[in-house]
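Bear in mind that the values in this text are calculations on the coordinates, not laboratory data. Just so it is clear, the structure is predicted and the values come from calculations on it, not from any experiment.
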Ligand SMILES: Cc1cc2nc3c(=O)[nH]c(=O)nc-3n(C[C@H](O)[C@H](O)[C@H](O)COP(=O)(O)OP(=O)(O)OC[C@H]3O[C@@H](n4cnc5c(N)ncnc54)[C@H](O)[C@@H]3O)c2cc1C
């Protein structure tokens, strides 16, 4: 089998890379051993332009939001399904200090933030002693639909092999790469946290971050918004609610813990005024990085080998943007954003 691009991994990164490559006329082949707890399968699919306790804008918010909206709409059209929904996040302040921080951001003419009127939120079934702000727009991606739609499309073209990638079977030469009976122009690794021990890019400064979530039934909660009070509540495409998540830089194992479940149920009981039922409890590890910037590019000495990884907490917006940059870099020699390009580590090698 002869292709232009061999991709390892079909999470957010591998799916977007295969899509962008095919859109540029390249033949692709993807190797993926699906893991039920990979972050792309656990994520809520939220694209939120505001982050942190000081309500600051995320890195490259304008470019990333605008690209995500266009890209998920186009991919949805190509798959015959709707993948992206524009919505708003109602951010209930947990303290007067957080309320003041939000008001300060508005006073500084911060984008995406505004205050709510009491009449807008008083019907919502939450304790709300300090009121709430609105973050608008926020996008919600149907990740199960996205991953499954891509998987089926690749399957239709015999371009997906669901099996573990065996590094020892890969041969990289100056004019091609060979993996079993697949000959390709280039290979790109999109393995998420499995890429930590990756053979070709061993020094990349990953900082894996564990996240746990509860999946809930809350039949009486209006589904048109996302809600937050420390904890985020997001409506999923199957009718359930996603409640999470934790951010743990230090952990002994990647599995769900009773401590998270107990603490989250306790928080929900003191915030929500209506009943809820826990239907699942999941955990995954984000491919986060020390400088909170992705790893994108081709190996400086072995340019037939590339990486698209390190999307951290923002894979939904970063993966489509940087998948396109990587393909354009290859085909048109366009630059990769210097804060994301792995060329930034060239001096250290
Ligand atoms: C709890 C939680 C909540 C999150 N919420 C959000 C959110 O709301 N919004 C957002 O933007 N981001 C969120 N994220 C982050 C986001 O999920 C990640 O940034 C993103 O999923 C990373 O995608 P990836 O393709 O790099 O990795 P992965 O999702 O890990 O995909 C890698 C794929 O490669 C496969 N693979 C790995 N090694 C091999 C091998 N050797 N052979 C074959 N296959 C292999 C894996 O099985 C997997 O299918 C969240 C993450 C977590 C854990």
If you look at just the Cα atoms of region 8-105, how large are its Rg and its Dmax in Å? 17.5, 55
A convex hull over the alpha carbons of region 54-152 yields, per residue, a volume in Å³ of 127 Å³
Using only Cα atoms, what Kirkwood radius does the chain have, in angstroms? 21.3 Å
Per q in 0.13, 0.19, 0.24 1/Å, what log10 I(q)/I(0) does a Debye calculation on the alpha-carbon atoms of region 82-138 return? -0.35, -0.69, -0.98
Tell me, how many Å apart are the Cα centres for region 1-72 and for region 189-204? 17 Å
For region 7-51, the Rg and Dmax computed from alpha carbons only, in angstrom: 12.8, 38
The base-10 log of I(q)/I(0) that the Debye equation returns for region 148-197 at q = 0.29 Å⁻¹, one scatterer per C-alpha, is -1.20
Region 169-210 pair-distance distribution - Cα-Cα, 10 Å bins, rounded %: 24, 44, 25, 7
If one takes the longest principal axis of the Cα atoms in the chain, at what angle in degrees, from 0 to 90 and to the nearest 10, does the Cα axis of helix 96-107 lie? 70 degrees
If you average 1/r over all unlike Cα pairs in region 172-296 and invert the result, what Kirkwood radius do you get in angstrom? 17.5 Å
The chain, helix-only ellipticity at 222 nm - DSSP H runs n ≥ 4, -39,500 (n - 2.57), divided by all residues, nearest 500: -8500 deg cm²/dmol
Work out Dmax and Rg for region 303-349 from the C-alpha atoms and quote the Rg first, both in angstrom. 11.1, 30
